[in-house]
Amino acid sequence: MKRRILSVVYILSLLTYFSVNAQPSLDMGKVVLTIQPEQPNDLAVPAGEFTFSMENGSPLGFSEASDEGYTDFGFSGDAVTGNKSFFLTMNIRITPSGTGTFVFSNKNEDPKKNARIDLNVDNNIVLIGKQGQVIVTSYPKKNGDFLVGTFSGILTDNGNEVESLPTHLYKVSSSFKIKRME
């Protein structure tokens with residue numbers, strides 16, 4: 001009996017000694033997106049809260065055009081609500097690159113810091129920022145740093161056309177943390 005106990009202890013100690021620790025996942029960031037239609041029955045775009053990260057197969061992107069003075073970032077991936085799945089691609093551009101509050105609007109104004117947002121749903125419906133803001137609280141200075149912030153506003157399916165009434169309006173908000181890898 002003692003021999004069995006010693007054998008089990010010996011085997012467990014070998015397993016502990018030679019165990020391989022699992023690699024922690026590479027943190028590329030995360031985007032949490034909330035979409036709420038203005039009209040409750042309007043389901044052209046999914047309503048709810050959706051998380052996008054490399055861990056769930058959603059690529060996050062960051063690109064700085066330093067010679068042009070703007071930064072593009074965004075994500076793409078599946079958003080599942082109920083028994084329906086939507087493929088979303090969001091692109092955001094801030095001008096100039098850096099921290100601060102960036103305004104997107106369909107009015108003929110030119111803020112010192114502006115943003116452009118579009119959301120593509122199933123390569124079929126494109127929503128464009130009508131009014132709102134992107135707030136960047138941390139801007140990456142080098143590779144491996146994170147772009148961190150939030151955005152909120154109204155997106156519409158007729159973009160910046162002031163004359164026409166929008167068919168669909170969506171309240172959209174998000175928090176984002178995206179690693180710079182250029």
Query - Protection-proxy order for peptides 95-104, 136-145, each taking the mean of Cβ atoms within 10 Å per residue, highest first - result: 95-104, 136-145
Query raised in the report: Taking amide H positions as placed 1.01 Å from N in the peptide plane, with prolines and chain starts having none, which residues 5 or more places from residue 104, or on another chain, fall under 5 Å of its amide H?
Result: 115, 132, 133, 134
Report summary line: Diffing the range 151-156: the Karplus 3J(HN,Hα) column from phi (6.51, -1.76, 1.60, θ = phi - 60°), in whole Hz with x for Gly and Pro, holds 8, 8, x, 10, 10, 9
Query raised in the report: Considering only the other residues whose Cβ falls under 10 Å of the Cβ of residue 138, what net charge follows from Lys and Arg at +1 and Asp and Glu at -1?
Result: +1
Report summary line: Here the gain from full extension of residue 137 to residue 76, 0.36 nm per residue of separation minus their alpha-carbon distance, amounts to 19.7 nm
**Report entry** Estimated distance in nm for a label pair at residue 36 and residue 91, the labels positioned 7 Å out from Cα along Cα-to-Cβ
**Finding:** 2.9 nm
Query raised in the report: Ordered by residue, what ³J(HN,Hα) values in Hz, to whole numbers, does the range 171-182 give under the Karplus form 6.51 cos²θ - 1.76 cosθ + 1.60, where θ = phi - 60° and Gly and Pro are x?
Result: 7, 10, 9, 7, 10, 9, 9, 10, 6, 7, 9, 10
Requested in this report: Express the carbon and sulfur contribution to the solvent-accessible surface of the range 74-151 as a percent, rounded to the nearest whole number, probe 1.4 angstrom.
Outcome: 47 percent
**Report entry** Amide H contacts of residue 169 (H built 1.01 Å from N, under 5 Å, at least 5 apart or other chain)
**Finding:** 38, 39
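The values are calculated or read from the model by the stated rules, or taken from the named source; none is laboratory data. Everything numeric here is computed off the predicted structure, so don't read it as measured data. Neighbour counts are summed over all protein chains in view; Cβ atoms, including those assigned to glycine, are modelled from backbone coordinates with ideal geometry. For the accessible areas, the whole protein counts, side chains as well, though only heavy atoms, and no ligand, DNA or RNA atoms are used. Shrake-Rupley method; radii C 1.70, N 1.55, O 1.52, S 1.80 Å.
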